[in-house]
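The values are calculated or read from the model by the stated rules, or taken from the named source; none is laboratory data. All figures in this text were calculated on a predicted structure; none of them were measured in a lab. Neighbour counts run over all protein chains shown; Cβ positions are idealised from the backbone, glycine included. What goes into the accessible areas is simple: the full protein's heavy atoms, side chains included, and nothing from ligands, DNA or RNA. Shrake-Rupley method; radii C 1.70, N 1.55, O 1.52, S 1.80 Å.
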Amino acid sequence: MPDTKEALATFYGDESFPIEWESEEEKQLFWFFDDNHVGLPISPMYWSLNGWWGPTLEYMYRRFGFPLGKAWIGKRINNYLYSAVVPRDSISAQMLGPYYGWVMPTYADKFLDWWNERYLPEMLRNFEYLDNYDTEAATTQELMVFLEEAIDIQERHFRIHWILNLAQFQSSMDLQAAVAKVIGEVDPSLIGRILISIKDRNWDSLEALWKLKEKVKADKHLKSIFDNGATATAILPALEADEKGRAFMEDVHEYLEEFGVKATMYPHEYLNPLWVEDPKPCVETIMGYLASDYDFQTQYQKMVEDHKAAIDQLRALIPAAASKQAVEQLEQALKLATKMMPLTPDHHFYIDQGTFGRMRLVLVAIGRRLVEEGLLQDPEDIMFLEYDQLRAYVACPQGYDGQGIIEEARQNWEDAHQTRPRDWVGTVTHWSMYEEPYHTLWGWPERFERAQRGEDQPLAEVHGLPAAAGIAEGVARIVLGPEEFDAVKKGEIMICKMTNPAWVVVFSKIKGVVTDTGGVLAHTAVVAREFGIPGVVGTGDATYRIKTGDRVRVNGTTGVVEILGK
C-alpha cells in the first residue's frame, strides 16, 4: 500500500463531489475515472457483474506474476466508475519481477498462434451457443440459468482479454525500449505509424460497409431511395416497401449478423443498444459514405503504404556502428510488435463488443419475459437492478420491491448526468503516477501534470497528447454519441469524449480528431494513425471548452489544439 507521506496530491471529496470511503487503505489509492469504457453514469447491472475490473484482473496479475500490481479494483462514486491498481508489496514484486521478464517474450512470440488455434475458436463456440439459444421457448428458470452461463462466458472471455492485452502491451513497450537502445530518441509519431494494424475485423467491417455503399451507388433505383430520404428513419420504410429495397435490406441484415453485435457508444455498458437490434445506424453510415463517396480501397492502400514507409524510415535511422546483435534484437522486437497489433481491434470486436453485446441481448431477453410476467414495465428496466437484486426479485416477486428499486436506481442514474465527474480521487503517489504502466492508456501522467500547471494553459488552447502526427484546420463538431454521426460533415474536426471500434465509420469523413480521454495506444490514437489524420487525445476537457462551429487547428505532433474563433 502506498505511503501517504509520498503523496503528490490528494482529494478525498468535498460538497460538490462527495465520496464515501470504506477504509483508510482505500483512500490511499489513486482512483481514476474510467472515461474510456464507461464515461456516463454506470448501470446497476453492469456494476454488479464486475465489468472489466476486479476478478479477471486479479487473474491477470496472478497468472503473469506482474510485479507492478496485484489487483485492479472498481469503485462506484456518485454513480460513475473509478478504478485503482493495488500495488504489490516490495518483497513480492522483487521476487516475481525476474519471472515476469523471463516468461513474457514467449507470450509476445506465441500468443497470435494461441489466439488463432485455441482462444478464438473457443470464443466462437461460446458465441454460437449464446446466439442460438431459444430464449422464447425457455422457462424463466431456464433463462436465469442461461444468464449464469453467459456470466461464466463473459468472465472467461475477459480472462483471455487480459492475457492478450498484457502480452501485446509488453510487445509494444519492448519495441520502444529496443528503439531507444539502438537508435536513441525518435519522433513518437514514427513509432505510432508503425504500431497500427493492417489486417483485422475493423477493416473487414469497413470494407463490407463500403461494398454496400457501392451497391447503392451503382443502382439508380436504390440510389434514388437514399437521395429522397433525409434520415434513416425515412429511408427504411421506403426500402421495405420496394422489391429491390427489400433485397438490399437482406444484405444489410446479413452484414449486421456478422458485424452488428456492437454498441456505438461505450460497448461495455449493457444499457447501450446494438447495431444488430436496429438497422438505422448501419443505414445512416451508408448514407454518409454516399455523401462523401468514401473510397475504402484508396484509404486502405494509403495506410498500408505509409505503414511500410514508417518501418523503412525507422530502419534508416539505425546507426552504421550498431552491433549486429543489437540490430537483430530491434528487428525481433519490431516483428513481434507489428505481429501483435491486429489483436487490438480484434479483441475489441470479439470481447469488448461481441461478448458484452451478447450479455446485453441475454439480459434484454430476460427483461422481455419479465414484462410478460408483469414484473417489469420495459425490458430495459432490468439494467437498473443489480445481479443479486434480479435473482431475489424473480424468485420471490411478491416479497421483494423490485419496481421500487428500479425507480430509485433510474432516478439516481438520471440525476448523476448533472454531475461532472472528477478525473481522479484519492491519493496520487510517485508509484501510481510514474511507475504503474496501465493507467497510461487513460493519458496519465500527462493529464495530472497538465492539471498541476493548468494556470499556464492559454484560454484559446486545449492541450492533450500527440496521438497522430500532422496539422489539420477546420470546423469543430462535438459528437457525444452515435445519434449525432449523421450530423458530421466531410472535412470537420471531430471533438468527442472517446471512440471505440464502432466509431470507425466516422473517421472516413473527418480530417482531424480530438478526445477528452485516452493515451497514445488507445483506440482513437491507433485509428487516427491508420486513417492518416491528425489526432490529439487525453485532453480531459475538449468537449467542454470547444463548441460546435468553432474553427480549430489540431496539431497531432505537439498535442495542442488551438481555438481560432467562429
Checked the range 533-554 for anything surrounded by fewer than 19 Cβ atoms within 10 Å (Cβ to Cβ) and out of contact with any Leu (no Cβ under 9 Å at 6 or more places or on another chain); matches are ASP541, TYR544, LYS547, THR548, GLY549
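Residues in the range 243-251: is at least one touching a residue at least 40 places away in the same chain (Cβ under 8 Å) and either closer than 25 Å to ASN50 by Cβ or not basic (Lys, Arg) (or both)? Walk me through how you get there before you give the answer.
To start, the set of residues in the range 243-251 that are touching a residue at least 40 places away in the same chain (Cβ under 8 Å) comprises none.
Looking through the range 243-251, none of the residues is touching a residue at least 40 places away in the same chain (Cβ under 8 Å) and either closer than 25 Å to ASN50 by Cβ or not basic (Lys, Arg) (or both).
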Going through (1) touching a Phe, Trp or Tyr at 6+ places or on another chain (Cβ under 6 Å); (2) in a helix (DSSP H, G or I) one by one, LYS110 fails only at (1)
Among residues of the range 500-512 being farther than 17 Å from TYR266 by Cα and out of contact with any Phe, Trp or Tyr (no Cβ under 7 Å at 6 or more places or on another chain), the residue modelled with the highest pLDDT is GLY512
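Take SER197 and decide whether it is outside any helix (DSSP H, G or I), in contact with a Ser or Thr (Cβ under 8 Å, 6 or more places away or on another chain), in contact (Cβ under 8 Å) with a residue 24 or more places away in the chain and surrounded by 13 or more Cβ atoms within 10 Å (Cβ to Cβ).
Numbers: outside any helix (DSSP H, G or I): yes; in contact with a Ser or Thr (Cβ under 8 Å, 6 or more places away or on another chain): yes; in contact (Cβ under 8 Å) with a residue 24 or more places away in the chain: yes; surrounded by 13 or more Cβ atoms within 10 Å (Cβ to Cβ): yes.
Judged against the criteria, SER197 is a match.
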When restricted to PRO87, PRO55, the only residue crowded, with 20+ Cβ neighbours inside 10 Å and touching a residue at least 40 places away in the same chain (Cβ under 8 Å) is PRO87
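So, LEU361, is that one open to solvent by 30 Å² or more (accessible area, probe 1.4 Å) and touching a Gly at 6+ places or on another chain (Cβ under 6 Å) or not?
It is false that LEU361 is open to solvent by 30 Å² or more (accessible area, probe 1.4 Å) and touching a Gly at 6+ places or on another chain (Cβ under 6 Å).
Criterion first (of a type in the set (D, E, K, R), at pLDDT below 90 and crowded, with 17+ Cβ neighbours inside 10 Å) does LYS280 satisfy it? First the steps, then the outcome.
Details: of a type in the set (D, E, K, R): yes; at pLDDT below 90: yes; crowded, with 17+ Cβ neighbours inside 10 Å: yes.
Yes.
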The residue that is most open to solvent (accessible area, probe 1.4 Å), considering only those in the range 11-52 that are polar (S, T, N, Q) and more than 25 Å from ALA542 (Cβ to Cβ), is ASN50
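Of everything in the range 370-392, what is farther than 24 Å from HIS268 by Cβ and either assigned to a helix (DSSP H, G or I) or hydrophobic (A, V, I, L, M, F, W, C) (or both)? Give them in sequence order.
At the first step, the residues of the range 370-392 found to be farther than 24 Å from HIS268 by Cβ are 371-375, 377, 392.
Matches in the range 370-392: VAL371, GLU372, LEU375, ALA392.
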Counting only residues in the range 200-232 that are without any contact (Cβ under 8 Å) to a residue 40 or more places away in the chain and hydrophobic (A, V, I, L, M, F, W, C), the one least open to solvent (accessible area, probe 1.4 Å) is identified as LEU222
The one condition VAL505 fails out of (1) open to solvent by 10 Å² or more (accessible area, probe 1.4 Å); (2) touching a residue at least 40 places away in the same chain (Cβ under 8 Å); (3) more than 22 Å from PHE349 (Cα to Cα); (4) in contact with a helix residue (DSSP H, G or I) (Cβ under 9 Å, 6 or more places away or on another chain) is (3)
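Of everything in the range 176-190 that's without any contact (Cβ under 8 Å) to a residue 60 or more places away in the chain and of a type outside the set (S, T, N, Q), which residue is least open to solvent (accessible area, probe 1.4 Å)? Give the steps one after another, and end with the answer.
Of all residues in the range 176-190, those without any contact (Cβ under 8 Å) to a residue 60 or more places away in the chain come to 176, 180, 184-185.
Pick out the ones that are also of a type outside the set (S, T, N, Q) and you get 180, 184-185.
Details: ALA180: 61, GLY184: 25, GLU185: 184 Å².
My answer is GLY184.
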Among the residues of the range 532-551, the number that are in a loop (DSSP other than H, G, I, E, B), more than 20 Å from THR419 (Cβ to Cβ), of a type outside the set (Gly, Ala, Ser) and out of contact with any helix residue (DSSP H, G or I) (no Cβ under 9 Å at 6 or more places or on another chain) is 3
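Considering only residues that are assigned to a loop (DSSP other than H, G, I, E, B) and of a type in the set (D, E, K, R), look in the range 410-445 and name the one that is farthest from ASP174 (Cα to Cα).
So the first thing to find is which residues in the range 410-445 are assigned to a loop (DSSP other than H, G, I, E, B), and the list is 417-423, 429, 436-437, 443-445.
Imposing the further condition that a residue be of a type in the set (D, E, K, R) reduces the set to 420, 422-423, 436.
Working: ARG420: 37, ARG422: 33, ASP423: 29, GLU436: 16 Å.
Selected residue: ARG420.
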The condition of being assigned to a helix (DSSP H, G or I), at negative phi and touching a Lys or Arg at 6+ places or on another chain (Cβ under 9 Å) holds, among ARG477, ARG529, only for ARG529
Counting only residues that are in contact with a Pro (Cβ under 8 Å, 6 or more places away or on another chain) and small (Gly, Ala, Ser), the range 341-362 contains a total of 1
